[in-house]
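In what follows, a single structure is set out as structure tokens and then discussed.
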Amino acid sequence: MSRHCVLTGALLLAVGAAQAQEYPRPAVPDLDRLTQELFAEIQSEQVPYEDLYETLLQYYQTPLNLNTATREDLRGLLLLSETQITNLLEHRQRNGVLLSLYELQSIPGFELRTIYRVAPFVAVLTLDPNAARGPLWQRVWQEDNNALFLRYERTVQGRPGYLPPDTTSTGAPASRYLGSPDKLLVRYRVSRSKDFSLGFTAEKDAGEQFAWDPARRRYGADFYSGHFMVQERGRLKTLALGDYQLQFGQGLLLSSGLAVGKGAETITTLRRSSVGVRPYSSVLESTFFRGAAATVAVTSTVRATAFVSRKRVDASVQTARDSLADFSEFTSGLLLTGFHRTPTELANRQALRETVLGGNVSYASRGGDLQAGLTAVNTQFNKPLLRRDEPYNAFELRGRRNLALSAHYSYVWRNLLLFGETARSSGGGLGTVNGLLASLAPNVDISALYRHYARDFHTIYGNALSENTRNINESGLYLGLKLRPAARWEVSAYYDRFRFPWLRYQAGAPGAGHDWLVRLTFSPTKTSLLYAQLRQRTKPYDADTLRPMPLPVPTQRRSLLLFYDASPTPGLSLRTRVQGTAYREDGGPARHGYVLAQDVTVQPLRHLRLLARYALFDTDDYDTRQYVFEQDVLYAFSVPVLYGQGTRAYVLAQVEVNRHLTLWLRYADTHYRHQTTVGSGLEEIQGARRSDVKAQLRYRF
């Protein structure tokens, strides 16, 4: 096939004509559909939605140039298999640079579905836009990827947390939020791939105050974030000042951004990539470093990174009651909610000072087939950590300091990728994760990963694959399969067996469990997608009994998901989703929950796009609650938890006012049946309905 071939007529209609140097990408990436494909099901509050969404949008804003991307850069997308990456690099070496994204179809392994998935996040540039650099201020001023965002959110119904100050029946002041129910955000960013990134964010959550009190480190909005980063300055590959993220190895010590974990994508998301230093522009208030980081090229194959971070984090600081205690002041743990609405939450705000020092040295062979590296992370707090005196906390981190060291590797041999990382923390605990990806045939891929995290292994910024929320007290073996038995058909599956050698929260004894998933996907046409998925997870938790000793029993959650996405016309998209859950404890009677959701997207005018959803939900209790990803304004996400009985609906309008100004308006409403109140405590709403409004404005300079 000619290397100047084009895709089919349907693809041409979907993406438009190619420009001279760069493939024209969609105006807005379809993150909803991509999330559906990457996640097994969104049935957890522990999935890092914000990091996932933010990372995908960073790739969209600064797309990866396929003509200069390294193997590790391509792995960072988590959308390409190792065989596809190898074939792309070999094609580039044999034939020279790609002239168009259309050329991907001439590379073995790149079918239409893969090209559709990666198109919003990559570019094909035949000329290096950074080859002839002018002054930095001039490049910043002239950069097209330069925008300011303003966002406003509010719940329509009143809640007791926002009522005027009052007293309780005992005469004590009633708890109230100190600020208004409005949520506000300002975000600015200008960036160019492999050149620079500059941005800042200011956010006020609902219930938080605008206050100017430098003595208590309050300067108007509750949260500020800012960064400045330059790249590819000779031997200086990256310099980041302000807020940034780090990812090396398999994320055992340092992990940030796109970490999907177990999902319906059973191959490409299993291994991590050493993307190194990345700018931080999200609004999560606890998952970043603040200070400076730099990466330099020691030789053509060796790179060294050093970083320092110093910031204040939320914690509940307590005073020891025993005068003979080891510490006069301590905290039982870090607080990660980011809310500072009440006097208690404000007292915990930035109460602990955290200092992190570390570095990484990595070697990569000239072809990128062999990579290896060493990482060191030293974390120190100005007040010690002392967990609550509970049996499951017996091996948790204690004290002011934690030093962790790790070694990581990856090696590609033909169609086989071996990768792993092993680490030791200052308490002596070991953690290791080792895996392989292999293409047994053009239509068969397999994966395997073994992990072991000792009960005294401690890592604060690590996020390697695990069943627990943290990499501690767990061993497991994951096996994955992806099979394409015929054109337009795909089967993906995994089985994960895990064990917990020590006690856990809500599990008063060691235990074991398993998790498996099977998904069957069919693409009837080039613009439609249909899949059915079954997943079951069995995991021990303490039984709800009156026994004096805890008794963990197996709890089983079985979920069924049916999803259909079709675009009958270029201006109309229809999505239907049916998902249900059966929850059972210790072989007892099953409890059930389900959601039926219908989405419609229309574009009646060139500058107007409308999206809407209507959903019915019915769950027996909170254990059978349902999570369904919703489309939202750009740079925002919505995954509401639905339980009880009722309906959920929203409408989203996107208006291109002119080439500089874009406006989003969103209204969402949840109506509960057989309820007289919604929520509890300071968030309780009188009535059976909760309604939320959101507006966002983007100005592109």
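Summary of computed values
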read-out: Percentage relative contact order, segment 136-233, counting C-alpha pairs under 8 Å, at least six apart; value: 25
read-out: Unit Cα scatterers, Debye sum, segment 136-233: log10 I(q)/I(0) for q = 0.17, 0.23 Å⁻¹; value: -0.87, -1.13
read-out: Out-of-range pairs (alpha-carbon distance over 25 Å; input K204/K311; K204/K694; K194/K482; K194/K311); value: K194/K482; K194/K311
read-out: Karplus (6.51, -1.76, 1.60) ³J(HN,Hα), θ = phi - 60°, over segment 173-183, in Hz, Gly and Pro reported as x; value: x, 6, 5, 9, 6, 8, x, 7, x, 7, 10
read-out: Neighbour net charge for S362 - beta-carbon separation under 10 angstrom, K R +1, D E -1; value: 0
read-out: Contact order normalised by residue count of the chain, Cα under 8 Å, 6+ apart, percent; value: 10
read-out: Qualifying trypsin sites (Lys or Arg not before Pro) for segment 658-688 [loop in DSSP, other Cβ within 10 Å: at most 14]; value: R659, R673
read-out: Residue order, fewest to most beta carbons within 10 Å, for L608, L385; value: L608, L385
read-out: Local electrostatic count at L483 - Lys and Arg +1, Asp and Glu -1, tallied over other residues with Cβ under 12 Å; value: +1
read-out: Along each principal axis, Cα extent of the chain, largest first, Å; value: 82, 58, 56
read-out: Kirkwood Rh and Cα Rg combined as Rg/Rh, segment 616-657; value: 1.11
read-out: 5 angstrom amide H check on R349, placed H, neighbours 5+ away; value: none
read-out: DSSP-assigned coil residues among chymotrypsin sites (Phe, Trp or Tyr not before Pro) in segment 461-550, each with at most 12 further Cβ atoms within 10 Å; value: Y505
read-out: Helix-derived mean residue ellipticity, 222 nm - over the chain, DSSP H n ≥ 4, -39500 (n - 2.57), to 500; value: -2500 deg cm²/dmol
read-out: Around A423: net Lys/Arg minus Asp/Glu count, Cβ-Cβ under 13 Å; value: 0
read-out: Under 5 Å, built H, 5+ apart or other chain: amide partners of A320; value: E329, F330
read-out: Where trypsin sites (Lys or Arg not before Pro) fall in DSSP loop in segment 192-279, at most 11 other Cβ within 10 Å; value: R217, R235
read-out: Sequence-separation-based contact order of segment 492-643, relative, with Cα cut under 8 Å and 6+ spacing, percent; value: 13
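We did not get these values from a lab; they are worked out from the coordinates using the rules stated. Please read these numbers as outputs of a predicted model, since none were measured by experiment. As a convention, Cβ positions derive from the backbone with ideal geometry for all residues, glycine included, and neighbour counts pool all protein chains shown.
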